[in-house]
Amino acid sequence: MADILLVDDQDRFARLLPRAIPEHRFLGPARSWAEAREVLREERGRIDVVLLDVHFDIPEAELVGFEEGMSAKAVDGLRRNQGLRILSALRRSHPDLPVVVMTSREGVSLQELGADEEYTTFLDDDDLDAQVLRSQIETMVAARRGEETDGAVFWGTGLAMQRLRQRLRVLARGRLPVVLLGPTGTGKSLLARHVVHARSGRGGRFVAVDLATLPSDLMAAHLFGAVRGAYTGSVGDREGAFEAADGGTLFLDEVGNLSSDAQKMLLSVLQDGAVTRLGDLKERPVDVKLVVATNEDLSARVRDGTFRADLYMRLNPAVAVTLPSLVERQLDWTKLVAFLVEQALARPYLRDLVDEYAAGVDLPLRRVKSHVGSGTPERRPRTLCLHFPERTLRRLRQHPWPGNLRELSMVVENAALFALSEAIGVEAGERPDVVVVRRKLLDDLLRGPDDGPDGAGQRLEVHITPHDTLNRVAVSCETQYFTQLYLQERGDFGRMAALLLDDPEAGRKVQLRFNQLGLKVRELKARL
Amino acid sequence: MSELHDLAKRLHHDLGKYATLQSRWLPPDASIEEREEAARADLLATARGPDGVRDAGVIAWAFLEDLGRLGVGDGVPVVVALRGLADAVETLRAADEGTAAAHAAVQGGVEAAAALRTASRAFLASTRPPEPDPL
């Protein structure tokens, strides 16, 4: 529940709002700036949002800006725009208090009023109804209360991202599919799991399928299931992803990779609410919230005939949610990096390193925290602090981040890993409770594959967690080697085969292994 | 043009907005009685200010006068809608509350206010000054 101050000379909204939006508490109406200021003083920071009318038909002495000797016309003008005068006064005393102004923004200069778009929203009367206002209030309240995260998702306080969050929450509750668009690494799968599934109110499982890694001849069986003998090698009945996600959410990543057969079958499931396993006649009802993601232009695929138009329309494209790239987001880098550091420090292999470091410097340890940005980390009992100083943070801000949030997350995790590793065994300085992530380390981590000296081998960073099997370690090395080789050979599988297998004709074999490792050609092509 | 646009803005705000406000904000499950009460408030207590309560008819006549002064005459849709609203409010005032005639008058008033809202929006758009040429 939010506390909302209504500033309006009339009492109609004061009567309407509690009934139309009963989940919030409405105070007022304050009929002038003097009354509004008094309520704000009495409530001492408890007001979450101000709802402000513009036309105030009040005695002239109560008008902000009134001066003796003003003409009747000037006073009328003052009354008609009194809300903007109040907004200007409000901004001087409460610069970051969210305000919804109930009028069109036509002809209004926010700059002249000392206001900004971050905390000021204009709702044209023609757009203003209970639903719009409710949504606006919730968005602003979430931003104000610092609700910057949803589990593993960092939203920040920017209004654009808060609006996106609000929209996803609304879409999560509905029955229709949700389409997530945006460049690679922007967090589409995180949103599918931590926002859409989490907010859907569905008790079933969250099942994710990456269609870029599924061979097209196995796609239909994987998604819809199969009975024994349905295809060569089908030795028993198997449940598909749709049945596994029954009552829950099915996330199809890279939906543009759906084979034409699978497209046809998916359309049928969406139309009938039932799935038929390959080779079976029996329909099995399924209740699945479908979320699909792609960084392709599906409408273009429809136009060129490679994606079914009827399926495209069934996916609810009109309300597709597009995620911005990292550099497009107005970010509070300090908070984002701190969020990612905390996430990284929760990983068991890093906790092991932290314990090892603490034991080496005789630091009794209860918790690990981060300090990002300027200033010296505060000394706290039994606490180790991982410090990203301002210079290191600046280096992060300067990077173009083609891999977006995923890349940043990996760099931050690597930075934590190497900073801790390098500190182990080194004699502790004055502050053994602080491990600093230096800019030099970031320079090394952010150096691209082409930045190395000619002829020198490329460095591979291998992520290993305790108890990893030899197979996992090998796969991790192989994945990174394949990635670098693909970039080096400009995506030519024949040349890769010549190097790897001494057989330029074996490109298909290399591509198959490439797919098995979960590497995505489309994503790597974007880096060429 | 600017004076006309200012007048159009005031008209859309004072009548387009307030003569329909409470009716538009009613929840979908509101009863017929609630709808009628909201409509009566919209039409008969449209504005409150230092001069007291004014109904939509009085406000409509004031705008008709202002429009006439600026040369906007009969036949213009917003003028027709204003006259329609003024007549509907007069009919509503004359009807005895609770009678079938009053129910019909409320309905007539709601329709006239909705028509005025549409006409005032179009009028506002037609008086909007052109965007300055960026070149």
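What spacing in nm lies between the two simple spin-label points modelled at A:ASP129 and A:GLU67, each 7 Å away from Cα in the Cβ direction?
4.5
Quickly work out the A:ARG366-to-B:ASP51 label distance, labels modelled 7 Å from Cα along the C-beta direction, and quote it in nm with one decimal.
Placing both labels 7 Å beyond Cα along the Cβ direction yields 7.0 nm.
What residues qualify as long-range amide H neighbours of A:ALA30, i.e. H under 5 Å apart, gap of 5 or more or another chain, H built at 1.01 Å from N?
Under 5 Å from the amide H of A:ALA30 lie the amide H atoms of A:LEU6, A:VAL7, A:ASP8, each far enough along the sequence or on another chain.
Enumerate the calculated ³J(HN,Hα) couplings along the range A:509-519 in order (Karplus 6.51 cos²θ - 1.76 cosθ + 1.60, θ = phi - 60°), each rounded to whole Hz, writing x wherever the residue is Gly or Pro.
Values per residue, Gly and Pro as x: 5, 5, 5, 4, 5, 3, 5, 4, 6, x, 7 Hz.
Could you work out, residue by residue across B:23-32, how many beta carbons of other chains sit within 10 Å of that residue's beta carbon, and then give the average as an integer?
Rounded to a whole number, the mean comes out at 3.
Let me confirm one metric for peptide A:287-295, namely the mean number of other chain beta-carbon atoms within 10 Å of its residues' beta-carbons.
Per-residue shielding by partner chains comes out at 0.
Using a ≥ b ≥ c from the Cα gyration tensor of the range B:2-127 (square roots of the eigenvalues), is it rounded, prolate or oblate, where a/c under 1.5 gives rounded and otherwise the larger of a/b and b/c decides, a/b for prolate?
prolate
Rounded to the nearest 10 degrees, what's the angle between the helix A:159-173 long axis and the longest principal axis of chain A, both from Cα atoms, 0 to 90?
It works out to around 70 degrees.
Compute the distance in nm between two label points, each set 7 Å from the Cα along the Cα-to-Cβ direction, one at A:LEU470 and one at A:HIS399.
Placing both labels 7 Å beyond Cα along the Cβ direction yields 3.3 nm.
How high is the FRET efficiency between A:ASP310 and B:TRP61 when r is their beta carbon distance and R₀ equals 56 Å, given to the nearest 0.05?
0.50
Need the list of aspartates and glutamates near A:LYS440 for cross-linking: C-alpha distance under 16 angstrom, and skip anything on the same chain fewer than eight residues off.
Of all the aspartates and glutamates, those that pass the test against A:LYS440 - Cα under 16 Å, at least 8 places apart if same chain - are A:GLU390, A:GLU413, A:GLU422, A:ASP451.
Can you pick out the pairs among A:LYS73/B:LYS17; A:LYS188/A:LYS264; A:LYS289/A:LYS520; A:LYS369/A:LYS525; A:LYS188/A:LYS369; A:LYS282/A:LYS509 whose Cα atoms lie more than 32 Å from each other?
Listed pairs above 32 Å: A:LYS369/A:LYS525; A:LYS282/A:LYS509.
Shape of chain A from its Cα gyration tensor (a ≥ b ≥ c, root eigenvalues): rounded if a/c is under 1.5, otherwise prolate when a/b > b/c, or oblate?
Oblate, since a/c reaches 1.5 and b/c is not below a/b.
Which whole-number percent gives the relative contact order of chain B, counting Cα pairs below 8 Å spaced six or more residues apart?
Worked out over chain B, it gives 34 percent.
Taking square-rooted eigenvalues a ≥ b ≥ c of the alpha carbon gyration tensor, is the range A:470-526 rounded, prolate or oblate, where a/c under 1.5 means rounded and, failing that, a/b exceeding b/c means prolate?
Since a/c reaches 1.5 but b/c is at least a/b, the shape of the range A:470-526 is classed as oblate.
Write down the percent of antiparallel bridges among all DSSP beta bridges whose residues are both part of the protein assembly as shown, to the nearest 5.
Given both bridge residues lie in the protein assembly as shown, the antiparallel proportion sits at roughly 20 percent.
Report relative contact order for the range A:328-446 in percent, whole number only (criteria: Cα-Cα under 8 Å, sequence separation at least 6).
Over the range A:328-446, the number comes to 31 percent.
If contacts are Cα pairs under 8 angstrom and at least 6 residues apart, what is the relative contact order of chain A in percent?
The value is 9 percent.
Around B:ALA47, which amide H atoms from residues at least 5 apart in sequence, or from another chain, sit under 5 Å from its own amide H, with H modelled in the peptide plane?
Correct list: B:ARG54.
Where in the range A:310-326 does the label zone of A:LEU176 land, with the point 7 angstrom along Cα→C-beta and an amide N cut-off under 18 Å?
Flagged as within label range: A:310-323.
What angle do you read, to the nearest 10 degrees and between 0 and 90, between the alpha-carbon axis of helix B:77-94 and the longest principal axis of chain B?
For B:77-94 against chain B, the angle is about 20 degrees.
Read-outs throughout are calculated quantities, based only on the coordinates presented, and are distinct from any laboratory measurement. Just so it is clear, the model here is predicted, and its values are computed rather than measured. For neighbour counting, all protein chains shown are included, and Cβ atoms are generated from backbone atoms with ideal geometry for every residue, glycine included.
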